[in-house]
1. Whole-Hz Karplus ³J(HN,Hα) for the stretch 41-48, in order, using 6.51 cos²θ - 1.76 cosθ + 1.60 and θ = phi - 60°, x for Gly and Pro?
2. Note down the magnitude of the dipole of the stretch 316-467 about its Cα centre, charges +1 on Lys and Arg C-beta and -1 on Asp and Glu C-beta and zero elsewhere, to the nearest 20 debye.
3. Could I have the simple spin-label model distance between Val83 and Lys42, label points 7 Å from Cα toward Cβ, reported in nm to one decimal?
4. Based only on other Cβ atoms within 10 Å, what is the fewest-to-most ordering of Glu295, Glu283, Glu59?
5. Please state, to two decimals, what the Cα-based radius of gyration of the stretch 380-467 comes to when divided by 2.2 N^0.38 Å (N = residues).
6. Can you tell me how much longer the chain between Phe329 and Glu420 gets when fully stretched, taken as 0.36 nm per residue apart minus their C-alpha distance, in nm with one decimal?
7. Apply the Karplus curve 6.51 cos²θ - 1.76 cosθ + 1.60, θ = phi - 60°, to the phi angles in the stretch 294-301 and return the couplings in whole Hz, x for Gly and Pro.
8. Once the Cβ-Cβ distance between Arg450 and Leu237 is put in as r, and R0 is 41 Å, what FRET efficiency do you end up with, to the nearest 0.05?
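What follows is calculated from the coordinates using simple rules that are stated; it is not laboratory data. Nothing here was measured: the structure is a model prediction, and the numbers come from that model. Ideal geometry is used to build each Cβ from the backbone, glycine not excepted, and the neighbour counts take in all protein chains shown.
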Amino acid sequence: MDRRAFLYGLGSGIGAIALSSLLGCEARRQDLPGTENLLSRKPPMAAAQAKHVIFLLMEGGPSHIDTFDPKPGLEALHLKEFVRKGEQFSAMSSGRRYLVRSPFSSRKVGKSGADMCEHFVHLAEVADDICFYRGCQAESVNHPTAMYHLNTGNRFGGDPALGAWVVYGLGSINENLPAFVVLPELAYPQGGAANWGNGFLPAHFQGTPLRPTGSPILNLDPPPGVSRYHQRKSLDLLQQFNRRHQQAHPGHGELAARMQSYELAFRMQMEVPEVMNIADEDEQTREMYGIGQKETDAFGRKCLLARKLVEKGVRFVQIYSGGWDSHDFLARAHGTLIRSIDQPIAALIKDLKRRGMLEETLVVWCGEFGRSPDNGVREGGIAYGRDHNPDAMAMWMAGGGVKAGHTIGATDDIGQKAVEVVHPLRDVHVSLLHLLGLDDSRLTYFHGGRFKQLSQFGGQVIHELIA
């Protein structure tokens, strides 16, 4: 067969069938009013290293003093009455508040000399890949409003989540998977699904939560006896009905999103089972993430799944770890939680790095606020804990163009307030967008009579964090 005959033969071969299928999908999209592909890939507004985000959210507010911002000065002040701004703050037990030392020891790790609690054994091995930031300040002391503020920039909820803004600005890389995926605990965080909602953006940009137990997505597999051919025919018929309804109700964004979600679900049946299959990873990788160990199995699975999702092109993955609200018994609660995340997170960073993915994947770790250096003390001194503190919170980032091996900012001697490189949370949001090549002042959406943005009313990049 000569070349001409070979090329001619492609017209009736598998190449033509694949091309026909692709053109058919595109035709279906274009034929439906209001269903233009809002998730199509978009170029960044500026050159950027980061293309993906894995956001590790420690719900409840981890104590910066007992993790990455130790305060040796609290040793000498332990159980001394704490007075702030000339006022005594009441406690449930005694009506007074007392400064409390950390139950953990801390040490310098890595060439950078980063501070870490003694229970971070594995994370210490990747300390020089991390940029620690101690200058952030939140605005709310209540969990739901603080969670909304961290996730959406608005303390009162109802606005688009950070992941929704990122997908709105950059689009999707893999049309067979959701662009914004959430891995929650069995119980949703305070504030519920609004923490990953689309807000006033089109519904296409909302996060897709995957179930932590059982099938990650219900009804993903077709019923017995139903082939993909029959599914395709059923969807085509449904699209006809939806198209008529759409023509009678133009501008119905929710219907347009629903129509595209049916198509995405159809495509996901081919790709999701492979991505969700942890068993296809080699034993060494599973052990590295702590899978199979009681303390680390649940969070290890989430971290490994996050790597697999990012590897397949998912733009934004958010992982939740709950239980960090330690008003008492901090030594037990924080100690257990740190051990549950330490090995999986270190494995995630190592795995991304060895695969050449860390440079383009921004990993973020934080809670919704920090903790106070004081608390009421119960009888016997066995229930030391810490209260909410929006004036000082530690966070860290790795990969994606941040200044690895540095500690930026500082809090005062007892960890009550940020005093160096101090920035509000909106500046952190602006900086995360900047690392992805997005400009907060240009990434806007017209709603309610004005152009709105993630930072609400503008912010500034924290240049000290940028490499």
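1. Calculated HN-Hα couplings, in order: 5, 10, x, x, 6, 8, 4, 8 Hz.
2. 500
3. Roughly 5.5 nm, to one decimal.
4. Details: Glu295 16, Glu283 10, Glu59 25.
Fewest to most other Cβ atoms nearby, the residues stand as Glu283, Glu295, Glu59.
5. Scaled against compact globular proteins, the figure is 1.38.
6. 29.7 nm
7. Residue by residue, the stretch 294-301 yields 4, 6, 10, 4, 5, 6, x, 4 Hz.
8. E(calc), rounded to 0.05, equals 0.50.
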